[in-house]
Amino acid sequence: MPGVPGIPGPYGMPQQSTSGLAVASLVSGLVCCLPPLGLVLGLTALPRIKKKEQKGKGMAIAGIVLSSLATLLVIIGLVTGGIGDAWSGFKKGMDKAAAAQSPFSLKKGDCFRIKGKLETYTTDVDTVPCTKPHEGEVTGNFEVSGFETWPGEDALDKIAENRCDRMSSGYALDTWAVPEDALVYYYIPTRQSWRAGDRSVTCAFATEDAPFTASLRSDESTLDAHQLHFLRTINPIDDVIAEEPEGDPDSDLAANKAWAKKMHTAVVTASTGLRGHTWSGASAKPVEKLAGQLDAAASKWQKLATAKDSDAYWEVYEDAYDALSTDNESASRGALGLTDTLEDSSGEDV
């Protein structure tokens, strides 16, 4: 409504400003972690509001009251320990949230707990220190290339299985330290994530049984030069053993003889590799002895590779395997500080 003539109307009256200190006092009083500040701001605001004829007296008083109450609560909390408990709970919650990650954000060496069953697809996992129980440990990551469109799960499975096997072998060179129930596992892109540009595969060791309680890593980052040379020299024998034909010599003698020849080459190469390295300390003698035992084993595998028929093959077969007894390797491993006891699937030492 316009004002009376000669007297300024409401629109012509100078407006009162609101005290910024009063506003700040009220806000500080409402924010539980700043109660003393709200009290100080409110007490400072009151005389200035009166002097400058500002608005905000109510806010300043409310800020003083709220800040006083909050300050009292903080003091009580500090005396009784309630603040410490609340902070501890907050920190645990933040730690848990920080630990939750997508499987595709995991990096080599990360240990993690799997939410749900291993065979069920999951979108997030919890990272934990490798010294704590965990169902998985990342052995590496790689990007799928060569496909412009979604290649399908079967194609990705084949690629992942091949690459992840190699990554896991390189990640855990000390194979005797890997539990019998450890599986080579991987996470591949889904059809939906592929459309969004996802090409990442995460490889890992995983278990469906008892969780791992230590890192399975044994590579350049954890082993010394002698340990590395020993494992890289010996491990190829096990790799070739795993290639033994499914058909026995009675049904496919040629394939078994070809495999035996490959075994002979692997054993000779290992013996030569052990002798070609300068070993230090207590490992020199047991490694030298192992090289001699490998020479003896090589002669038996040579007989298998040149067997005239399946009967001649079977005659030497067990002796060839026995010549590669883990007992021969155990002493060298122990002297080098590697795992010197191999467990079978029942958990018993062999």
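The values are calculated or read from the model by the stated rules, or taken from the named source; none is laboratory data. What you see is a predicted model, and the numbers here were worked out from it, not measured in a lab. Glycine also receives a Cβ, built like all others from the backbone with ideal geometry; neighbour counts cover every protein chain displayed.
Tabulated data
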| quantity | calculated |
| --- | --- |
| Gly337 being exposed (fewer than 13 other Cβ atoms within 10 Å of the Cβ), within 24 Å of Leu223 (Cα to Cα) and of a type outside the set (D, E, K, R) | no |
| Residue check for Leu253: surrounded by 15 or more Cβ atoms within 10 Å (Cβ to Cβ), closer than 30 Å to Val138 by Cα, in contact (Cβ under 8 Å) with a residue 12 or more places away in the chain and not hydroxyl-bearing (Ser, Thr, Tyr) | no |
| Any hit, the range 272-289, residues being under 19 Å from Asp239 (Cα atoms), charged (D, E, K, R) and either surrounded by 17 or more Cβ atoms within 10 Å (Cβ to Cβ) or free of Cβ contacts under 8 Å to residues at least 60 places away in the same chain (or both) | no |
| The range 228-247 - residue that is touching a residue at least 12 places away in the same chain (Cβ under 8 Å) and assigned to a loop (DSSP other than H, G, I, E, B) and, of those, surrounded by the most Cβ atoms within 10 Å (Cβ to Cβ) | Pro245 |
| Candidate set: the range 260-279, residues that are hydroxyl-bearing (Ser, Thr, Tyr) and part of a helix (DSSP H, G or I); chosen: the one nearest to Lys308 (Cα to Cα) | Thr265 |
| Qualifying residue in the range 242-257 (condition: touching a strand residue (DSSP E or B) at 6+ places or on another chain (Cβ under 8 Å), at pLDDT below 95 and outside the structural domain of Glu180 (by TED's automatic domain parsing)) | no |
| Qualifying residue in the range 309-318 (condition: out of contact with any Lys or Arg (no Cβ under 9 Å at 6 or more places or on another chain), small (Gly, Ala, Ser) and surrounded by 14 or more Cβ atoms within 10 Å (Cβ to Cβ)) | yes |
| Subset of the range 202-227 that is over 14 Å from Pro179 (Cβ atoms) and of a type outside the set (A, V, I, L, M, F, W, C) - its residue that is surrounded by the most Cβ atoms within 10 Å (Cβ to Cβ) | Thr202 |
| Checklist (1) of a type outside the set (Gly, Ala, Ser); (2) farther than 24 Å from His229 by Cα; (3) within 18 Å of the chain's Cα centre (by Cα); (4) surrounded by 13 or more Cβ atoms within 10 Å (Cβ to Cβ) applied to Leu156, failing item | (3) |
| Output for the range 140-188, where each listed residue is without any contact (Cβ under 8 Å) to a residue 40 or more places away in the chain, in a helix (DSSP H, G or I) and farther than 30 Å from Arg333 by Cβ | Glu153, Asp154, Ala155, Asp157, Lys158 |
| Residue selected from the range 290-344 under the condition among the acidic types (Asp, Glu) and outside any helix (DSSP H, G or I), by the criterion modelled with the highest pLDDT | Asp309 |
| Subset of the range 189-204 [part of a loop (DSSP other than H, G, I, E, B) and either closer than 16 Å to Asn162 by Cα or of a type outside the set (Gly, Ala, Ser) (or both)] | Pro189, Thr190, Asp198, Arg199 |
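Rundown of residues vs (1) over 21 Å from Lys107 (Cβ atoms); (2) at pLDDT below 95; (3) not aliphatic (A, V, I, L, M), yes/no style:
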| position | (1), (2), (3) |
| --- | --- |
| Trp150 | yes, yes, yes |
| Asp154 | yes, yes, yes |
| Pro211 | no, yes, yes |
| His226 | yes, no, yes |
